[in-house]
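One structure is given here, and the rest of the page talks about it.
Coordinate-derived values only; no laboratory data. Given the structure is predicted, the values throughout are model-derived calculations rather than measurements. Glycine gets a Cβ as well: all are built from the backbone with ideal geometry, and neighbour counts include every protein chain shown.
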Amino acid sequence: MKRFLVRPEIYHGSNALSYLEGIEGKRAFIVTDPFMVKLGIVTKVTDILEKKHIHYDIFDEVEPDPSLETVKKGLNQIIYTKPDLLIAIGGGSSIDAAKAIMCFCIHLKEKFVDTHSIKKPWFVAIPTTSGTGSEVTSYSVVTDKVNNIKIPLNEALMIPDVAILDEELTKTVPPGVTGDTGMDVLTHALEAYVSVQACAYTDIYAEKAIKSVFGYLLRAFKDGNDMEARAKLHNGSCMAGIAFTNATLGINHSLAHAFGAKFKLSHGRSNAIFLPYVINFNAGLVNGVVKNLAVAERYASIAKILNFPAATASEGTRSLIEGIKVLNAVLGIPAAIKDMNISKDEFEGCIPEMIEGVLQDICTGGNPIHVSEKDIDGLFREAFKGLDRL
Ligand SMILES: [Fe+2]
């Protein structure tokens, strides 16, 4: 048996922020980052709250890859303010931080008071980048910056009640971030599509998200004011989120979590670099022959949807890898880790610790192919030096 959960309520399109004009509440707690305040995006929300006489407090200390320390700071503040509305504004980091703050707050209260008397605040997520899909997922990733490890959390109570997808809010995202986050969308959708938990429902969302990335990412990358492309990507990001929160992810994310934490690289870019290698590994593609036919057929069906050559499972897998390589190249994402100013010695010295991270990562269990320590070691080494056949 498999479960497909559809949450939250989604308001999308230009001016979707007007949903807030009908919101009920007495006290709001806003979780965001300093750039959202500076860009005036937080003011768009607080103007509405003020008109409705809803008191609000702003926690604007979220940094990229939010740390445990930041979550603790927010926790101290939310305990004090006792909001009935929680509003996260920003990229995945702000939404992830808000989720972790709320989750830790509820678990803390459970230790001291009767669980029936604990009220979860109405949680509204307003993403301003098109990438993590965090506005519809039960996942949050916080970083232990002391030990350089990512801590993925997964609890149903962290799924927002409302997601507001207003593409106007993504207009100022610079090209590099648009590219990286767009590749995160693609990775979510592809991993959900081949996951052991994939089903007909998650496939629908994953397929649509993949089409939106291949159809519109380069347009949004080249022209941030292309609002049609921005809207398609914003919805695609959300759809990929719906797919993976139900179907889970795979080792591409586990590798990216371990590598990104160690070498301080953005999440989307880390995912993008590993994608060709992980697809090659999962399909078991060697000398044009696929060892893992069922997985390769899944990749080939994506290739068909994209109108790439896919007469056989092997050809479809190869053309999908080729399409991703081209996309990465145009977005300025390196094909191999060796091209990133990281020395071989430094990288190889980190492999044992990164393998440990991958083995413990909650995403690893969703991968369609079981991975051994040796497999992970091989994938890290391949992604470092690049493979001629890729
Ligand atoms: Fe991701």
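Here are a few things to note about the model shown:
- Cβ-to-Cβ counts within 10 Å put Ser18, Ser212 in ascending order as Ser18, Ser212, the fewest first.
- Segment Asp144-Ala336, length gained on full extension (0.36 nm per residue, minus Cα span): 66.5 nm
- Set of lysines near Lys51 by C-alpha distance (under 19 Å), chain-local residues within fewer than 8 positions excluded: Lys26
- Close amide H contacts of Leu86 (hydrogens built in the peptide plane, cut-off under 5 Å, sequence separation of 5 or more or a different chain): Phe29, Trp122, Phe123, Val124.
- The overall shape of the stretch 65-163 is oblate: from the C-alpha gyration tensor, with semi-axes ordered a ≥ b ≥ c, the ratio a/c is 1.5 or greater and a/b is no larger than b/c.
- Rounded to 10°, Cα long-axis angle of helix 175-194 versus longest principal axis of the chain: 70 degrees
- With Cα atoms, 0 to 90° folded angle of helix 251-263 axis to the chain main axis: 70 degrees
- Distance in nm between pseudo-label sites at His55 and Lys325 (7 Å out along the Cβ direction from Cα): 6.1 nm
- Added length on full extension, which subtracts the Cα-Cα distance from 0.36 nm per residue, Leu387 to Met1: 135.1 nm
- Remark: the Cα gyration tensor places the stretch 322-385 in the oblate category, a/c being 1.5 or greater and a/b not exceeding b/c.
- 17 Å cut-off, amide nitrogen to a point 7 angstrom out along Arg219 Cα→Cβ, residues in the stretch 13-42: 13-14
- Extended-chain gain in nm, criterion 0.36 nm per residue less alpha-carbon gap, Asn307 and Leu293: 3.0 nm
- Highest-MSF residue in the chain out of Ser372, Ser301, Ser319 [GNM, Cα springs under 10 Å]: Ser372
- Ranking of Thr202, Thr187 by count of other Cβ atoms within 10 Å, fewest first: Thr202, Thr187
- Amide H contacts under 5 Å for Gly250, placed H, 5+ residues apart: none
- Fewest neighbouring Cβ atoms within 10 Å first, the residues Arg381, Arg269, Arg3 line up as Arg3, Arg381, Arg269.
- The stretch 291-369 versus the stretch 1-21: alpha-carbon centroid distance in Å: 31 Å
- Taking each DSSP H run with n ≥ 4 as -39500 (n - 2.57) and averaging over every residue of the chain yields -17500 deg cm²/dmol at 222 nm.
- HN-Hα J in Hz across the stretch 270-287 - Karplus 6.51, -1.76, 1.60, θ = phi - 60°, x for Gly and Pro: 4, 4, 4, 5, 7, 3, x, 5, 6, 4, 4, 5, 4, 7, x, 7, 9, 6
- Rounded tilt (10° steps) of 293-305 against the dominant C-alpha axis of the chain: 70 degrees
- Filter on Lys2/Lys111; Lys52/Lys111; Lys44/Lys232; Lys38/Lys211; Lys150/Lys291; Lys99/Lys325 - keep pairs with C-alpha separation over 26 Å: Lys2/Lys111; Lys52/Lys111; Lys38/Lys211; Lys150/Lys291; Lys99/Lys325
- Paramagnetic reach from His12 in the stretch 226-251 [backbone N under 18 Å; point 7 Å along Cα→Cβ]: 226-247
- Summary value for the chain: 14 percent relative contact order, contacts being C-alpha pairs under 8 angstrom separated by 6+ residues.
- All Cα-Cα distances of the stretch 1-56, cut into 5 Å bins from zero to the largest, leave 4, 15, 21, 21, 18, 7, 5, 4, 3, 1 percent in each bin in turn.
- Of all DSSP bridge pairs formed entirely within the stretch 9-172, close to 20 percent run antiparallel.
- Shown in residue order for the stretch 358-368 are the 3J(HN,Hα) couplings computed by the Karplus curve 6.51 cos²θ - 1.76 cosθ + 1.60 at θ = phi - 60°: 5, 5, 8, 5, 5, 6, 4, x, x, 5, x Hz (x for Gly and Pro).
- Diffusion constant of the chain at 10 °C, which comes from Stokes-Einstein with the Kirkwood Cα-pair radius and 1.306 mPa s, µm²/s: 75 µm²/s
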